1. Within the stretch B:72-91, is even one residue in contact with an Asp or Glu (Cβ under 6 Å, 6 or more places away or on another chain), at pLDDT 95 or above and in a loop (DSSP other than H, G, I, E, B)?
2. Among (1) more than 29 Å from A:ALA51 (Cβ to Cβ); (2) open to solvent by 60 Å² or more (accessible area, probe 1.4 Å), which single condition is B:GLN56 missing?
3. For residues that are in contact with a strand residue (DSSP E or B) (Cβ under 7 Å, 6 or more places away or on another chain) and closer than 15 Å to A:MET46 by Cβ, scanning just the stretch A:150-172, find the one that is surrounded by the most Cβ atoms within 10 Å (Cβ to Cβ).
4. So B:ALA8 fits all but one of (1) under 20 Å from A:SER129 (Cα atoms); (2) surrounded by 14 or more Cβ atoms within 10 Å (Cβ to Cβ); what number is the exception?
5. Please identify the pairs in which a residue from the stretch B:32-52 that is within 12 Å of chain A (Cβ to nearest Cβ) has its Cβ atom under 8 Å from the Cβ atom of a residue that is part of a helix (DSSP H, G or I) and open to solvent by 40 Å² or more (accessible area, probe 1.4 Å), counting only partners at least 6 apart or on another chain.
6. Residues in the stretch A:122-156 that are within 14 Å of chain B (Cβ to nearest Cβ), of a type outside the set (Asp, Glu) and out of contact with any Leu (no Cβ under 8 Å at 6 or more places or on another chain): how many?
7. Would you tally the residues in the stretch B:108-126 being at the interface with chain A (Cβ under 9 Å from one of its Cβ atoms) and either part of a loop (DSSP other than H, G, I, E, B) or in contact with a Ser or Thr (Cβ under 9 Å, 6 or more places away or on another chain) (or both)?
8. Just to be sure before I move on: is A:GLN49 under 13 Å from the mean Cα position of the chain (by Cα), open to solvent by 20 Å² or more (accessible area, probe 1.4 Å), closer than 16 Å to B:SER69 by Cβ and of a type in the set (S, T, N, Q) in the structure I sent?
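The values are calculated or read from the model by the stated rules, or taken from the named source; none is laboratory data. The structure presented is a predicted model; accordingly, all values stated were derived computationally and were not measured. For neighbour counting, all protein chains shown are included, and Cβ atoms are generated from backbone atoms with ideal geometry for every residue, glycine included. Keep in mind that these areas ignore ligands, DNA and RNA; they rest on the heavy atoms of the full protein, side chains included. Shrake-Rupley method; radii C 1.70, N 1.55, O 1.52, S 1.80 Å.
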Amino acid sequence: MLLIESERGVIPASFSIRFSPSAKLIVVVRRFVQSFYARVLEDTEMSSQLALATHELLENAVKYGTTNDAVLGVSVAAAAEGRDGYDVDVSIRNSASAENLAEAKRVIDALGACDDTFAFYQEQILIASERERGSGLGLVRIAAEAGMRLALDIVDDELEIRASAHYTPDLS
Amino acid sequence: MTPSSLQAGELRASASHSGELVSLAFAGNADGRADSDLEAFLHELHAEIAALAVTQVDVDIRALEFMNSSCFKGFITWIVQVRRMKPPSRYRIRFLATSKYPWQKRSLHAISFFGGSELIEVVTED
């Protein structure tokens, strides 16, 4: 495996964990992601975005999963040949009902189709203010606040939601 | 003030009132264990504040490590309640934030855009 060593740490830096994401454990994992990638990337802004995506995806799994366990993966790897920087990726995989899968697909498709993620976020915030239960903002927040692209797939009969971004360190 | 404090999960909040100013302070983690209690807390506080001659509410989140989207919605719902007040009795909300927690800048940008500059002010310390 190619390791890129620099003043900014060692890349790739990836992990995957299957566990039962209770509220208490989500906080622990989010703190780990934040502090680990802050050290690896030497960038508190980027590590904060990864932590936000981790937390929201894990809470989604708790709220909408049909079983107690989920697989979280976080990856920071060198960008494909010809590109500077890193590709960062946070994914959550768990079982989900057809209804929840359809809702996640609806949100991710809408995000993919919109021209202005922040304007879409504002629309969803207004809708959320009228909702009786839940906010419906978790995935949109990842896109709008963490600047990550969202994708959905079915892997081994489980729903996988992936948040990705390309990151170019500011070397100045 | 009643309620004057909140403890839910790892979230702690306190409220105090002095003259035309109400001060709220949040600390810890606002996550899935706290969203319902936080929304109820802000709803009750708003009802009390609306009955007072308050012109500004300071919301100190400098010790708030993280806020999830469900708790974020609690603040949005509160802001909508304030927006619906008639201007003479409406109060401003000033968030006191820190760059130590980068999520605060991004979330407060979204909140302040939603609430509008006449209603929301954000002060961030380095």
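1. no
2. If we test B:GLN56 against (1) more than 29 Å from A:ALA51 (Cβ to Cβ); (2) open to solvent by 60 Å² or more (accessible area, probe 1.4 Å), just (2) comes out false.
3. This residue is A:ALA163.
4. Exception for B:ALA8: condition (1).
5. Short answer, once both residue conditions are applied: B:GLY32/A:VAL62; B:GLY32/A:LYS63.
6. Within the stretch A:122-156, residues that are within 14 Å of chain B (Cβ to nearest Cβ), of a type outside the set (Asp, Glu) and out of contact with any Leu (no Cβ under 8 Å at 6 or more places or on another chain) number 13.
7. 1
8. Yes; evaluated as a whole, the condition is true for this residue.
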